[in-house]
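Here, each number is a calculation from the coordinates, and none is a lab measurement. For clarity, every value in this text was computed on a predicted model and none was experimentally measured. Note that each Cβ is placed from the backbone with ideal geometry, even for glycine, and that neighbours are counted across all protein chains shown.
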Amino acid sequence: MCTYSTEKLDLTRSSGKGPDGWFPLQTATVYYDHPVHAPDPHTVNIDFLNPERGAGARVAVELSLDAARELLAALQVTVERAAEH
Amino acid sequence: MQHDAVLAETIGIRGHGDDEIEAYTARPMDAAPRGGMIVIHHMPGYDAATKEITRRFATMGYHAICPNLYTREAPGAAPDDAAAAARAQGGVPDERFVGDAAGAARWLRSLPTSNGRVGAIGFCSGGRQAVLAGIALDVQAAIDCYGAFVVGAPPEGFPLQVSPLADRIPELRAPLLGLFGNEDSYPSPDQVDELEKLLQEHGKTYEFHRYDDAGHAFFAVDRPSYRPAAAVDGWQRIADFLARHLATREA
């Protein structure tokens, strides 16, 4: 299926490293759809973007559903720990 | 020996709003009159696989053109980056697609060997857009390969600019060929039934072929969704359909 489903969020005070080095991130899109490179038919895809710097200013990942769940748990733990600092 | 030279190249055409957009074309080099195909790329963009499909239509004897629907969001970008940029900006508005496809049809008809007949084929999101081309444009054939949301509403909170075309089916003016996988969810077999019912109710010329053991994107040779049996039969159906609707009419 082609889900089209997309979550979009604004990012502040964040950076990513793309083919031309580090750049400030403005938005991220998160969606479950066909990957370009990963071997599964559908993956959880995240694009970290800075539209002002062009379409190539992008850090992209395509995660298997299992990998995405692991990442979600790791983010949860990390964010909770950060609150204690 | 048959003269079968094909020229494939990137060109600029005038699309919606008279904007110049990028397009990939492939066309046979012999002087025979022939119809033309607009190839509508899938959501992952104007990529190598879609360009290969464009060349395939030229080897089948048609002029073919694939407009880069993401030219404006990401001029000159890699196809995957362009698709990501377009998605982040909400996808391609229908009005803009229609304008770009109209420009592609104009370009096809301007070729000295055009027979004046033009078809549109689309895959995935392009399948829906092929139906839209059959509604909004003067085309003589439309081919919908597993397009989602021709019928059936997108989920709540859906950020992309996609709306169902069910209420516009009465306006469909081109014969429609639909190719679908029975294991697809978007469109589901029920949604394909619903579309077929609408076509019947409104007396439209159509033919649908549905494949078992195939889901979405069964034509995509570079993806795990590829299903050779469905794809081989599907290409034969496409060839037959175009021979009937795009061929040069005898004088």
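Descriptive notes on the structure:
- Restricting segment A:6-54 to trypsin sites (Lys or Arg not before Pro) in coil, as DSSP defines it, with at most 14 other Cβ within 10 Å: A:ARG13
- Between the listed residues B:GLY119, B:PRO170, B:TRP235, the Cα displaced farthest toward the positive end of the dipole of chain B, a dipole computed from Cβ unit charges relative to the Cα centre, is found at B:GLY119.
- Unit charges at the beta carbon, dipole of segment B:1-91: most positive-side option, B:GLY61, B:THR50, B:ILE40: B:GLY61
- Test item: Cα-centred dipole of chain B, Lys/Arg +1 and Asp/Glu -1 on Cβ, debye: 740
- Per residue of peptide B:64-75, the mean number of Cβ atoms on other chains within 10 Å of the residue Cβ is 1.
- For A:40-52, mean number of other protein chain Cβ atoms within 10 Å: 3
- For the peptides B:6-14, B:191-199, B:146-154, A:75-83, residues were scored by their other Cβ atoms within 10 Å and the scores averaged per peptide; the highest-first order is B:146-154, B:191-199, B:6-14, A:75-83.
- DSSP beta bridge pairing in the protein assembly as shown, given as percent antiparallel to the nearest 5: 60
- Under the convention that each Lys and Arg Cβ holds +1 and each Asp and Glu Cβ holds -1, the size of the dipole of segment A:7-83 around its Cα centre is about 300 debye.
- Rounded to the nearest 20 debye, the dipole size of segment B:126-251 about its Cα centre is 380 debye, using +1 on the Cβ of Lys and Arg and -1 on the Cβ of Asp and Glu.
- Hz values of 3J(HN,Hα) by residue in segment B:180-192 - Karplus curve (6.51, -1.76, 1.60), Gly and Pro given as x: 9, x, 6, 9, 6, 9, 9, x, 7, x, 5, 5, 5
- When B:ASP100, B:ASP212, B:ASP47 are arranged by Cβ crowding within 10 Å, least crowded first, meaning fewest neighbours, the order is B:ASP212, B:ASP47, B:ASP100.
- The distance linking segment B:202-251 with segment A:28-63 is 30 Å (Cα centroid to Cα centroid, whole angstrom).
- Taking the DSSP beta bridges with both ends in segment B:6-245, the antiparallel portion is around 35 percent.
- Within chain B, helix-based [θ] at 222 nm, where runs of 4 or more DSSP H residues each add -39,500 (n - 2.57), nearest 500: -10500 deg cm²/dmol
- Inter-chain neighbour count for A:28-35: the average number of beta-carbon atoms from partner chains within 10 Å of each residue's beta-carbon is 4.
- Exposure proxy ranking, count of Cβ atoms within 10 Å, fewest first, for A:VAL61, B:VAL139, B:VAL221: B:VAL221, A:VAL61, B:VAL139
- Selection among A:PRO51, A:LEU72, A:ALA82 by position relative to the dipole of chain A gives A:PRO51 as farthest towards the positive end (Cβ unit charges, Cα centre).
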